[in-house]
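Worksheet: the structure to be examined is printed underneath.
The values are calculated or read from the model by the stated rules, or taken from the named source; none is laboratory data. Nothing here was measured: the structure is a model prediction, and the numbers come from that model. Note that each Cβ is placed from the backbone with ideal geometry, even for glycine, and that neighbours are counted across all protein chains shown.
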Amino acid sequence: MDVDITDISYHSHRVKEGTLFVAIPGTKRDGYHFIEESITRGARAIITEQIPLHPVDIPLVVVKDTRKALAQISAEFFSHPSREIRLVGITGTNGKTTTSYLIESIIKAAGKAVGVIGTINYRLGKKVQPAPTTTPQSYDLQQLLREMITKGAEYVVMEVSSHALDQERVRGCHFDVGVITNITPEHLDYHEDMDRYFAAKKRFFHEILPESEKDPWAIINLDDPLLEDLQKELPPVRVMTYGLDQGEVKAPQREISLGGIRATLSSPSGPLEIRTPLIGEYNLYNIMAATAVGISLGIPTEAIHQGIKDLSLIPGRMERIGDGNPWVLVDYAHTPDALEKAIKEVRRLALGRVFVVFGCGGDRDRTKRAPMGRIGVTWSELAIITSDNPRTEDPLKIIEEIEKGARGVSPHRYLVIPDRRKAIQKAIALAEEQDCVLITGKGHEDYQIIGEQRLPFDDRDEARKALEERDEGS
């Protein structure tokens, strides 16, 4: 086994002379079938879960779980970068991205350099790169953490997806803080049922956090019944809870409008006045989660206050388009729970009618389509069902499944407009002063995936154009 390894790869086509090839199982193809190719390309050693059919003449290590092995070896290969920074991980169904932006802003207000790894992008200072996945594969993650440290990062905030937890991507990371925002049905096409989905999330608190060398904190939303139970079964880690009226961080005084949030938080560090243009009660939850993280990291309350105040916009998260006449909001809500919360919140705050434009992604969990149709029609004056990212599915078939839920509520309170551009135009054309148009599902995305093509399309740009056309026609 005495060989020099110059790199690690889990893709055979990235193997070069001196590489250790780790044959991980993929969702479509198993790396085991590419062992011979990796050797041809110059692999110096192999890690696999199965002994190859044909003998190999380089070192071969057979392990029970190659994903776990890849994570542990990658952390060692890059000299355990997470030990050198303050690392915050955020998991949960909804709110991860907003909470990451809030924590980033708080850390910046404290005068510290912070990197972010999340759904929208990976960023540090002025360097921003696209995010192929919310949480990178373990090798890529450890490499990214090392790069961020090299460029001056003192803190890193990371969104931790259920896929990442199930696939061992964050194994070997030493977290200072772990946050869980909420649990509602999502990714059931992958996890198959809620028990498995929740089990993946719980691994963060049952396995990953306890392995940290940093005496980490767990930040938990007490207003979610599932998380209240999670708190009772936590291993020995420090815990800080939050909720509207319960927990160490709470908001006994709060005022929420389409203009933003005003609240006084009660916290272990004393009262904290909050003023932000962010919209919605669920954003108050995200603010409380970020506040709890700031306190657990020892950040002064002045910096927490300033960081929340400084953050005026999160791309595609209840992002306001235009001057509010009518109100137009673009949001990423793409699950039944997120859609219902978004529409209900807008409905509670809007003075006029609420129109919602939404669809469902193709090649993803089909069980959420009818429920989203039911929710869209139940809570809005008019729902316009359209295409999202159909991918390789027929968009009309997806819409048909959404309609099953919509028709059960009312066949007269929704329209079907498969062309997303025309759907947005129609909603904005119908809206009058004080009405609100909520466009959901894609949020920050600047593309639409149709078939195998990724075509330029941004809900925010389309909404701006529709508003301009509306103004010109009035």
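This table checks each residue for (1) within 21 Å of the chain's Cα centre (by Cα); (2) of a type in the set (A, V, I, L, M).
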site	(1), (2)
Asp57	no, no
Lys68	no, no
Gly89	yes, no
Lys96	yes, no
Tyr101	yes, no
Ile107	yes, yes
Ile117	yes, yes
Asn121	yes, no
Ile149	no, yes
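Which count do you get for residues in the range 360-385 that are under 14 Å from Pro418 (Cβ atoms) and within 23 Å of the chain's Cα centre (by Cα)?
Count: 2.
So which of Leu209, Leu272 ends up being touching a Pro at 6+ places or on another chain (Cβ under 7 Å), buried (at least 22 other Cβ atoms within 10 Å of the Cβ) and not aromatic (Phe, Trp, Tyr)?
Selected residue: Leu209, the only one of Leu209, Leu272 that is touching a Pro at 6+ places or on another chain (Cβ under 7 Å), buried (at least 22 other Cβ atoms within 10 Å of the Cβ) and not aromatic (Phe, Trp, Tyr).
Yes/no per residue for (1) of a type in the set (Ser, Thr, Tyr); (2) in contact with a Pro (Cβ under 9 Å, 6 or more places away or on another chain):
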| site | (1), (2) |
| --- | --- |
| Pro300 | no, no |
| His305 | no, no |
| Gly316 | no, no |
| Arg320 | no, yes |
| Gly324 | no, no |
| Thr335 | yes, yes |
| Ala338 | no, no |
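I need a count of the residues in the range 224-255 that are buried (at least 16 other Cβ atoms within 10 Å of the Cβ), at pLDDT 95 or above and either touching a Leu at 6+ places or on another chain (Cβ under 6 Å) or closer than 21 Å to Glu345 by Cβ (or both).
Number of matching residues: 9.
Give the residue, chosen from Thr440, Thr378, Thr367, that is closer than 30 Å to Thr181 by Cβ, in contact with a Leu (Cβ under 9 Å, 6 or more places away or on another chain), of a type in the set (S, T, N, Q) and surrounded by fewer than 22 Cβ atoms within 10 Å (Cβ to Cβ).
Result: Thr367 is the single residue among Thr440, Thr378, Thr367 that is closer than 30 Å to Thr181 by Cβ, in contact with a Leu (Cβ under 9 Å, 6 or more places away or on another chain), of a type in the set (S, T, N, Q) and surrounded by fewer than 22 Cβ atoms within 10 Å (Cβ to Cβ).
Please indicate, with yes or no, whether at least one residue in the range 410-423 is assigned to a loop (DSSP other than H, G, I, E, B), without any contact (Cβ under 8 Å) to a residue 12 or more places away in the chain and either touching a strand residue (DSSP E or B) at 6+ places or on another chain (Cβ under 8 Å) or over 26 Å from Leu313 (Cβ atoms) (or both).
For the range 410-423, residues assigned to a loop (DSSP other than H, G, I, E, B), without any contact (Cβ under 8 Å) to a residue 12 or more places away in the chain and either touching a strand residue (DSSP E or B) at 6+ places or on another chain (Cβ under 8 Å) or over 26 Å from Leu313 (Cβ atoms) (or both): present.
Quick check, is Ile402 touching a Gly at 6+ places or on another chain (Cβ under 9 Å), part of a helix (DSSP H, G or I), among the aliphatic types (A, V, I, L, M) and buried (at least 17 other Cβ atoms within 10 Å of the Cβ)?
yes
When both residues are 6+ apart or on different chains and their Cβ atoms are under 9 Å apart, which pairs have a first residue that lies in the range 1-29 and is of a type in the set (Lys, Arg), and a second that is part of a loop (DSSP other than H, G, I, E, B)?
Arg14/Arg41; Lys16/Thr6; Lys16/Arg41; Lys16/Gly42; Lys16/Ala43
Please find, among Lys112, Lys96, Lys127, the residue that is more than 28 Å from Ile5 (Cα to Cα), crowded, with 21+ Cβ neighbours inside 10 Å and in contact (Cβ under 8 Å) with a residue 12 or more places away in the chain.
Every option except Lys96 fails the conditions.
With respect to Leu145, determine if the residue is part of a helix (DSSP H, G or I), of a type in the set (A, V, I, L, M, F, W, C) and in contact with a helix residue (DSSP H, G or I) (Cβ under 7 Å, 6 or more places away or on another chain).
Numbers: part of a helix (DSSP H, G or I): yes; of a type in the set (A, V, I, L, M, F, W, C): yes; in contact with a helix residue (DSSP H, G or I) (Cβ under 7 Å, 6 or more places away or on another chain): yes.
Against the criterion (part of a helix (DSSP H, G or I), of a type in the set (A, V, I, L, M, F, W, C) and in contact with a helix residue (DSSP H, G or I) (Cβ under 7 Å, 6 or more places away or on another chain)), Leu145 qualifies.
For a quick check of your reading of the model, give me the residue pairs whose first member lies in the range 463-474 and is part of a helix (DSSP H, G or I), whose second is loosely packed, with under 15 Cβ neighbours inside 10 Å and at pLDDT 95 or above, with beta-carbon atoms closer than 9 Å and at least 6 apart or on different chains.
Ala466/Ala429; Glu469/Ala429; Arg470/Ala429; Gly473/Ala429
Look at the range 421-474 and say how many of its residues are in contact with a Pro (Cβ under 9 Å, 6 or more places away or on another chain) and not hydrophobic (A, V, I, L, M, F, W, C).
Within the range 421-474, residues that are in contact with a Pro (Cβ under 9 Å, 6 or more places away or on another chain) and not hydrophobic (A, V, I, L, M, F, W, C) number 12.
Can you tell me which residue within the range 300-352, out of those that are among the small types (Gly, Ala, Ser) and in a loop (DSSP other than H, G, I, E, B), is surrounded by the fewest Cβ atoms within 10 Å (Cβ to Cβ)?
First, the residues of the range 300-352 that are among the small types (Gly, Ala, Ser): 303, 307, 312, 316, 322, 324, 333, 338, 342, 350, 352.
Among the residues that remain, those that are also in a loop (DSSP other than H, G, I, E, B) are: 312, 316, 322, 324, 333, 350, 352.
Numbers: Ser312: 11, Gly316: 24, Gly322: 18, Gly324: 13, Ala333: 27, Ala350: 19, Gly352: 14.
Only one residue fits best here, namely Ser312.
Of these, Val128, Val170, Val88, which one is touching a helix residue (DSSP H, G or I) at 6+ places or on another chain (Cβ under 7 Å), in a strand (DSSP E or B) and hydrophobic (A, V, I, L, M, F, W, C)?
Being touching a helix residue (DSSP H, G or I) at 6+ places or on another chain (Cβ under 7 Å), in a strand (DSSP E or B) and hydrophobic (A, V, I, L, M, F, W, C) holds for just one of Val128, Val170, Val88, which is Val88.
Among (1) among the hydroxyl-bearing types (Ser, Thr, Tyr); (2) in contact (Cβ under 8 Å) with a residue 40 or more places away in the chain; (3) over 20 Å from Trp217 (Cβ atoms); (4) assigned by TED's automatic domain parsing to the domain that holds Asn286, there is one condition Thr134 misses while meeting the rest; what is its number?
(2)
Within the range 6-21, identify whether any single residue is touching a strand residue (DSSP E or B) at 6+ places or on another chain (Cβ under 9 Å), over 30 Å from Met318 (Cα atoms), among the hydroxyl-bearing types (Ser, Thr, Tyr) and surrounded by fewer than 17 Cβ atoms within 10 Å (Cβ to Cβ), and answer yes or no.
Yes, the range 6-21 contains at least one residue that is touching a strand residue (DSSP E or B) at 6+ places or on another chain (Cβ under 9 Å), over 30 Å from Met318 (Cα atoms), among the hydroxyl-bearing types (Ser, Thr, Tyr) and surrounded by fewer than 17 Cβ atoms within 10 Å (Cβ to Cβ).
With respect to Glu433, determine if the residue is out of contact with any strand residue (DSSP E or B) (no Cβ under 7 Å at 6 or more places or on another chain), modelled with pLDDT of 95 or more and not in a helix (DSSP H, G or I).
No.
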